[in-house]
Ligand code: SF4
Ligand code: SF4
């Protein structure tokens, strides 16, 4: 079966929600729309406190080439524009909308023609970004400088517990495939590959019905991190993306399943991106679900909708257990890139303290980027950023596999993430 070198099969815990159909979450009293739901400059508000807005109305405009529009997911009144905590533990500027009794919806103008240029314009207008977690504006990614021949749809969903893409592939196969075809047209390529892990047999069956000369379904070995961009490209095409290079350098652009549905909605339903599927799961949530959630919904409200958490809840994570961030505050609101809410009991999350490294090299063996995480952490702790960089800190994809296998429970990926932030901050200072 197709795969990449390194990585590891990890227990997937998908069974908690893999058969749970997508359910629409009820409306809540307040929504908070972050202006930074994407990589790049924060969007600029185009509403003021006191304004009445409709669901689907533009409330903040992209403020640069790599930025994205933000739409309200609810009709109501803008009550404040303020700093609020985000899942990464910092603050983001948010527009707070209080829900109105009467719900009015605004759609995007109908498209007169569907062609390469109008699709790109529609994707940018609808505020669509990579919904797998990266948040890179999709219209920008679909206009690479290099010439490309393949659109690769990342249907791997290799993070344990998560099922939002899996359920979309089962319940909205047509929308996923048509969304992918629209992106292929915008990109100017004739080949679409769906890369999907073998542990999703129902979704594979649905996708296989759409295979033809232009669309191929590659069933991949279930191994973490199969869905990491470079690893997925290698598994499906045997092309190697060099360190520091983009997938387009080997003729490939990778897009996510949820993003494909958002593109379909924007082009065929004139709907901007203001809702998404979130898997709410883990042994500490009372009723695990796959929910269609309005963007801007507070995490606490989503958990309440799933009948709350068990008494022994120890950690609530944004995303999956390997790459996600533990919440410090449940008032954080959902963004375009949030695919999961994972609630774990103490029994399920190892909260033991790190001990000294025993030089077992397990972190080196597993690293899909062929790095030596043990040394990066060592230099990082010593404050030697130059050596950490020589050991490839900036090439780390933050998959978390090294920390997962470390018997000494060293916080390897956390150290590397911090090191990368410090290196980037130093570079920014130098450039100034
Ligand atoms: S060093 Fe980075 S890329 Fe390698 S296993 Fe650790 S987190 Fe993943
Ligand atoms: S896996 Fe942990 S204990 Fe083993 S070498 Fe790496 S850091 Fe050290």
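For the pair residue 249 and residue 208, a Förster radius of 51 Å applied to the C-beta separation gives a FRET efficiency near 0.95, rounded to the nearest 0.05. Relative contact order, whole percent, for segment 329-428 stands at 28, derived from Cα pairs under 8 Å and 6 or more residues apart. Each peptide in 197-207, 316-326 receives the mean, over its residues, of other Cβ atoms within 10 Å, and ordering these scores from highest gives 316-326, 197-207.
Report note on the peptides 209-218, 175-184, 234-243, 90-99: ranked by the mean count of other C-beta atoms within 10 Å, highest first, their order is 175-184, 90-99, 234-243, 209-218.
Of the two radii for the chain, the radius of gyration is 0.95 times the Kirkwood radius, both from the alpha carbons; that is the Rg over Rh value. In plain terms, the chain from residue 381 to residue 66 could stretch by 110.1 nm, reckoned as 0.36 nm per residue minus the Cα-Cα distance.
Computed per residue of the chain from DSSP H runs no shorter than four, each worth -39500 (n - 2.57), the mean residue ellipticity at 222 nm is -7500 deg cm²/dmol.
Applying 0.36 nm per residue to the separation of residue 430 and residue 115 and subtracting their alpha-carbon distance, the gain on full extension is 109.1 nm.
Each part gets one Cα centre, and for segment 65-91 versus segment 341-356 those centres are 31 Å apart.
By the count of neighbouring beta-carbon atoms within 10 Å, fewest first, 391, 31 end up ordered 391, 31. Ranked by how many other Cβ atoms sit within 10 Å of their own Cβ, fewest first, the residues 17, 138, 310, 173 fall in the order 310, 173, 17, 138. Applying 1/(1 + (r/R0)^6) with r as the Cβ-Cβ distance of residue 91 and residue 359 and R0 = 25 angstrom yields a FRET efficiency of 0.05.
The length gained by stretching the chain between residue 8 and residue 310 to full extension, at 0.36 nm per residue less their Cα-Cα distance, is 105.7 nm. As a length-normalised measure over Cα pairs under 8 Å and 6 or more apart, the relative contact order of the chain settles at 19 percent.
All of the numbers you see were taken from the coordinates with simple rules; none came from a lab. Since we're looking at a predicted model, the values are computed, not measured. As a convention, Cβ positions derive from the backbone with ideal geometry for all residues, glycine included, and neighbour counts pool all protein chains shown.
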